[in-house]
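Take a look at this one; I'll ask things after.
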Amino acid sequence: MLVLLALSGQAMAVERLTVRVLETLPHDINAFTQGLEWHQGRLYVSTGLYGQSSLRRLNGRNGELELQMALADSLFGEGLARVGERLVQLTWREGLALVWRLPGLELEMAHSYEGEGWGLCFDGDHLWMSDGSASLQRRSPVDFSLQQRLEVRLDGRSQPRLNALACAGEHIYANVWKQARILRIHKASGEVDGVIDASPLLPLSDRVAHREAVLNGIAHNPETGEFYLTGKWWPRLFRVRFVQAS
Ligand code: DDQ
């Protein structure tokens with residue numbers, strides 16, 4: 001098997017995974033979730049839509065809202081990542097990455113960038129950003145400068161509409177816009193080596209009946225290896241493990 005894969009030159013074994021729900025937390029049905037981050041027992045949520053965008057801090061045990069900062073009406077909140085004692089929040093088409101201080105969420109500064117902002121995660125060394133294309137951008141956590149582009153491929157095919165991101169070890173997990181599918185991307189190569197079917201969450205989500213009410217938001221807890229998942233206008237937030245699909 002391995003020999004054959006090596007000879008074929010591109011195909012590699014792709015693990016098929018699904019979600020095991022460990023806990024269901026309540027979530028604000030009006031939150032158009034665009035980014036999710038876990039840190040020290042708290043969840044941080046970036047929400048979108050013009051005039052409604054926010055950065056929120058939730059209690060990670062019960063999902064209760066602890067703190068909420070409104071973005072200017074002209075900004076559409078997107079992906080969220082933690083760099084040390086700061087959160088970086090993308091905006092969709094405004095080219096601004098807002099930098100907030102933890103834990104009180106004071107807005108400190110903003111970096112500017114070209115193009116759209118979709119998802120964001122920090123791997124301890126670099127920021128990784130999606131823009132709706134099939135490539136991820138590696139950026140400096142210091143000045144947000146673009147350092148590298150990584151094309152994401154599954155079985156030799158590029159994978160567009162990469163959205164919310166979570167960095168975990170050698171991998172970047174990306175949910176695909178308007179699909180209940182999460183790709184596990186090997187950071188060094190851009191190859192997808194695992195696909196997580198998150199569709200079992202859809203009937204549990206109680207999401208608003210709207211075509212934009214899709215899975216979005218993925219956070220990793222490095223202490224437990226668990227993930228948090230929710231969606232846009234989903235009144236549920238799930239603590240899950242990714243497990244082998246049977
Ligand atoms: N993005 O998150 C995929 C980058 C952009 C999504 C924009 C969705 C706009 C929906 C507007 C719905 C208004 C009822």
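The values are calculated or read from the model by the stated rules, or taken from the named source; none is laboratory data. From a predicted model like this one, the values you see are computed outputs, not experimental measurements. With ideal geometry, Cβ positions are generated from the backbone for all residues, glycine too; neighbour counts draw on all protein chains shown. Note: areas computed on protein heavy atoms with side chains; ligands, DNA, RNA excluded. Shrake-Rupley method; radii C 1.70, N 1.55, O 1.52, S 1.80 Å.
When only alpha-carbon atoms count, how far does segment 74-206 stretch along each of its three principal axes, as whole angstroms with the largest first?
If we take the Cα atoms of segment 74-206, the spans are 41, 38, 27 Å.
Tell me the GluC sites (Glu not before Pro) within segment 105-143 that lie in a loop according to DSSP and have at most 10 other beta-carbon atoms within 10 Å. All intermediate terms of the calculation are to be shown ahead of the outcome.
On the way: sites: GLU106, GLU108, GLU114, GLU116; in loops: GLU114, GLU116.
Qualifying residues, ordered by number: GLU114.
Using +1 at the C-beta of Lys and Arg and -1 at the C-beta of Asp and Glu, which of LEU22, LEU150, LEU67 has the Cα lying farthest in the positive direction of the dipole of the chain?
Checked the options; the winner is LEU22.
Between the DSSP loop rule and a limit of at most 16 other Cβ atoms within 10 Å, which GluC sites (Glu not before Pro) in segment 50-100 are left? List each step's numbers first, then the result.
Details: sites: GLU64, GLU66, GLU78, GLU85, GLU94; in loops: GLU64, GLU85, GLU94.
Hits after loop and neighbour filter: GLU64, GLU85.
Ok, one more. Using the alpha-carbon centroid of each, what span in Å lies between segment 28-65 and segment 191-246?
15 Å
What's the local net charge at ASP28, with K and R +1, D and E -1, over the other residues with C-beta under 12 Å away? Can you show the working numbers first?
Working: positive: ARG56, LYS232, ARG236; negative: GLU64.
It works out to a net charge of +2.
Another question about this same structure. In deg cm²/dmol and to the nearest 500, what is the mean residue ellipticity at 222 nm of the chain if only DSSP H runs of at least 4 residues count, each as -39500 (n - 2.57), divided by the residue total?
On the way: 1 runs with 7 residues, N = 246.
Taken over the chain, the calculation gives -500 deg cm²/dmol.
Okay, moving on. Pop out the carbon and sulfur fraction of the accessible area of the chain as a percent, whole number, probe 1.4 Å. Write down the numbers at each step before the final one.
On the way: 5410 of 10810 Å².
Of all accessible area on the chain, carbon and sulfur atoms account for 50 percent.
Further, regarding this structure: If eta is 0.890 mPa s and T is 25 °C, what Stokes-Einstein diffusion coefficient results for segment 116-179, Kirkwood Rh from Cα pairs, in µm²/s? Before the final figure, lay out the partial values.
Values: Rh = 11.7 Å.
Stokes-Einstein gives a translational diffusion coefficient of 209 µm²/s.
With every protein chain present, what accessible area does HIS171 have (1.4 Å probe, heavy atoms only), rounded to the nearest 10 Å²?
40 Å²
Considering just Cα atoms, how many Å³ per residue does the convex hull of the chain enclose? Could the numbers behind the result be given before it?
Details: hull volume 29.0 nm³, N = 246.
That works out to 118 Å³ per residue.
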